[in-house]
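Worksheet for the structure shown next.
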Amino acid sequence: MRPTRLHRPATRLGVVVTTLAALLVITAPGARAAVGNDDIVGRADVVGVFPAFKHNEWLGTHVSRDKVLPYPDPEVCSTPSEATGRSGRWYGTGFGLSDMEETFNAYLVEFSNARTAKAILRGARTYVTACAQHWAGLAATVRPAKLPRLGDQRVAFRTVLAYASGPQETTTVVVRVRKRVLVMRIMQPTTVPARKLAQISRIAVRKMR
């Protein structure tokens, strides 16, 4: 008898089984890497769709780690609520700059389960109707915006604030892909065209996967 001939195939089979098991763990649904810088839109993406941002000094190239997602909440129409996920990124100009005519901010957060992500999208959809007319320090109007079929769930709307100097409009996009939720807010001097909104949304959703 030559037992070594019997043991060698068994050893090789064990290695193959172990390797396959490791690959299955790595590629199993839900076993995804944390949100990274490449998963969110950057300066080149924004400027490619909105050339006016090329000269915006507040739109840099830095992407920040941020796992807190500000999302539209129908229970609190005047200000976003926040949800903390497992990992996330933020890119944009920031807010609170009253002298600016345009801002762009994108948040991408991955949650520990799809249930939380789905709840945020349900709330965003309700927000559009529940907060159609509300007070946010001044009169605010919300109306739905068109968006192509993207991700697993999606919502888009435009918010108009009635300043004495004239209306200010911000367009918001909320998209879910599995456990990840993207929120983008774009403010420009004029209404963001539907074509441009669809374009930047497609780019963002393609990257967030």
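One table, with the values for the structure above:
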| item | result |
| --- | --- |
| Scope the stretch 151-175; condition in contact with a Ser or Thr (Cβ under 6 Å, 6 or more places away or on another chain) and over 14 Å from Glu101 (Cβ atoms); matching residues | Phe157, Arg158, Thr159, Val160, Val173 |
| Qualifying residue in the stretch 112-126 (condition: in contact with a Ser or Thr (Cβ under 7 Å, 6 or more places away or on another chain) and in the same structural domain as Thr61 (by TED's automatic domain parsing)) | no |
| Filter result (of a type in the set (S, T, N, Q), closer than 20 Å to Ile203 by Cα and buried (at least 18 other Cβ atoms within 10 Å of the Cβ)) within the stretch 63-104 | Thr93, Thr103 |
| First in the stretch 124-143 and at negative phi and at pLDDT 95 or above, second anywhere and of a type in the set (Asp, Glu) and surrounded by fewer than 16 Cβ atoms within 10 Å (Cβ to Cβ), Cβ under 7 Å, 6 or more apart | none |
| Complete set of residues in the stretch 123-142 that are farther than 18 Å from Leu197 by Cβ, in contact with a strand residue (DSSP E or B) (Cβ under 8 Å, 6 or more places away or on another chain) and in a helix (DSSP H, G or I) | Gly123, Ala130 |
| Flag for Asp38 being over 27 Å from Tyr127 (Cβ atoms) and touching a helix residue (DSSP H, G or I) at 6+ places or on another chain (Cβ under 9 Å) | yes |
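The values are calculated or read from the model by the stated rules, or taken from the named source; none is laboratory data. On a predicted model such as this, the values are computed, not experimentally measured, just so you know. All Cβ positions, glycine included, derive from the backbone under ideal geometry; neighbour counts span all protein chains shown.
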